[in-house]
1. Taking only Cα atoms, what is the 0 to 90° angle, nearest 10, from helix 122-150's long axis to the longest principal axis of the chain?
2. If I model region 40-129 as equal point scatterers sitting on the Cα atoms and use the Debye formula, what is log10 I(q)/I(0) at q = 0.12, 0.13, 0.21 Å⁻¹?
3. Which FRET efficiency, nearest 0.05, do Ile174 and Val206 yield, Cβ-Cβ r, R0 45 Å?
4. Provide the descending list of Cα extents for region 385-536 along its principal axes, expressed in whole angstroms.
5. Find out how many positive minus negative residues lie around Gln420, taking Lys and Arg as positive, Asp and Glu as negative, among other residues whose Cβ is under 10 Å from that of Gln420.
6. Step through the residues of region 202-208 one at a time and calculate ³J(HN,Hα) from phi using the Karplus curve (6.51 cos²θ - 1.76 cosθ + 1.60, θ = phi - 60°), rounding each to whole Hz and writing x for Gly and Pro.
7. When N counts the residues of region 523-586, how does its alpha-carbon radius of gyration compare numerically with 2.2 N^0.38 Å, as a ratio?
8. Each label point is 7 Å from the Cα along the Cα-to-Cβ direction; what then is the distance between the points at Asn314 and Phe95, in nm?
Amino acid sequence: MFKLLKNYSWKEVFWILVVVALVSLQVHFDLKLPDYMSEITRLVETEGSAMSDTIHNGVMMIGCAFASLLAAIVVGYIASNLSATLSLRIRKTLFDKVERLDLESYQKFSTGSLITRTTNDITQIQMFVAMGLQMMIKAPITAVWAISKILNKSWEWSAATSVAVLVLLTTVFILMRLVLPKFKKTQRYTDALNRNMRENLIGIRVVRAFNAEAYQEDKFEDINTDLTRTQLFTQRSLAVLSPVMYLVMYFLSLFIYFMGAYLIDGALMADKLSIFGDMIVFSSYAMQVIMAFLMLSMIFMIWPRAEVSAGRINEVLDTPIQISEGQREYDTEEKGTLEFKDVSFRYPGAEAAVLSHISFKVKQGQTVAFIGSTGSGKSTLINLIPRFYDVTDGQILLDGHDIKEYRQEALQNKIGYVSQKAVLFEGDIASNVAFGQKQDGNYTEEQIEKAIRVAQSESFVADKDGGIHAKVAQRGSNFSGGQKQRLSIARAVAKDPEMLIFDDSFSALDYQTDANLRKALAQECKDTTVLIVAQRIGTILHADQIVVLDQGKCVGIGTHKELMENCDVYKEIALSQLSKEELDNA
């Protein structure tokens, strides 16, 4: 928790000190009230006292009450601003860290968990800080100040107050031990609930198609029931605190008045009025002490959950980034060349290597295709180039330099990447195509339209209301799979990179669109190196090089004709899709 509070600047630390000063002033006014009350009591009981003196003390009491109220309002305003500012910074820091996490680190957390940590967990901390700045400062100051005023009044009353405080602290300690583990479970159940809900919404078509609504409802019900039971336990446990507090407070008042009556009854007539005044003052101060601990108890009700939330946020912030940042900037001496030097890769925690001793070289402007059976390592190989993962052994050279030497931003600027699953963002078509905008400014409409034309998206974009400014729904749900793929390709083409990487990005396209797209790429991006992962032989027939993978090993490199003669794995894949006559005429 305190680690997160370091996000405050010196300016905000100044305002925290202002809060401390105002709270101290508020406590001073609150604790002056019993003194004026005692004086009014003495004046009423004293013969010959002037009414003006009583009125004066009454006016002072009203003044103290209004001054305390004003200080409380200002403290509440400042505390709200400080807590909101802190949550803003933590949320930004957390989001930035998630953006920079490599895939290995990212996979330690589920998507639902990261959403919960960015929203619910930060809200818990914001609530704690907002209340804590007021109550955690006010409670100890009030308790210490009030106790210092009543210590010399009566040892019996002091002893009773000490016992009351001890009972309250014991109750709080026991409840803390009970609820803290449950709050950790609550956050885990919240993660699971978000994950289940997100999964259900994303897969709603599959759920309905298979009549699996009841199954999904049962899954949700199990998690929801666990979360509800845990929350009921914590809330019921903490609900005990309030009645215990009031019970102790009222019994303490009863004891003070009982002892006061006993002391007054046994005192001399001259001392009775003094003891009565002390009893009124002591009772008021004792209530202030109990109220101070009552305020602390409210903090203890939200502190365990805030502490758990802070730990969960720190868990993400403290996660080390496995991909180290290089120092090399954009290099213009050599462009579009790629070389794999005896590259092997094993996923973190896996026993077997996914790729073993892969070596090949690509020149600028060449088209290189990767093909193989499912699970042969094609996508894994492609994902090593943008450094989604780092190689286990060997080297990957881009433009003659190890990709680990480049700054991440410089490396990504060289590459236009189209993922296996087409991803569109909410907005419009233009903003999606211009998503990878260059550092020197936004794309022009001409560049966007050219990229759309190359990606064979011109016809359906023109049919949309608004053209390139047509609305794109969340996750591109108002576009078909093929349209989303083509817009994703347009996004990569618009970037005008040295190298285009297509990770099985033509799978949703018909054969004619596939052919037209490859032809347009050859004409418009002739100086761009193109890497294609494909399942269809027709997509890669005319590639300059075809790399054949089988169980993570390279079993053939060459042109289509060379591989048909020399590589049995490639020949088997080709004949499973096209006839021998079609392959011979290709």
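1. 20 degrees
2. -0.60, -0.64, -0.99
3. Values: r = 48 Å, r/R0 = 1.08.
Working from the Cβ atoms, E equals 0.40.
4. Ordered largest first, region 385-536 gives principal extents of 50, 37, 29 Å.
5. Taking every Cβ under 10 Å from that of Gln420, the sum is 0.
6. 5, x, 4, 5, 5, 4, 6
7. Values: Rg = 12.2 Å, N = 64, 2.2 N^0.38 = 10.7 Å.
After normalising by residue count via 2.2 N^0.38 Å, the value is 1.14.
8. Using points 7 Å along Cα→Cβ, the separation is 2.4 nm.
None of the figures in this text is laboratory data; all of them are computed from the coordinates on show. All of these numbers come straight from a predicted model, not from anything done at the bench. Glycine gets a Cβ as well: all are built from the backbone with ideal geometry, and neighbour counts include every protein chain shown.
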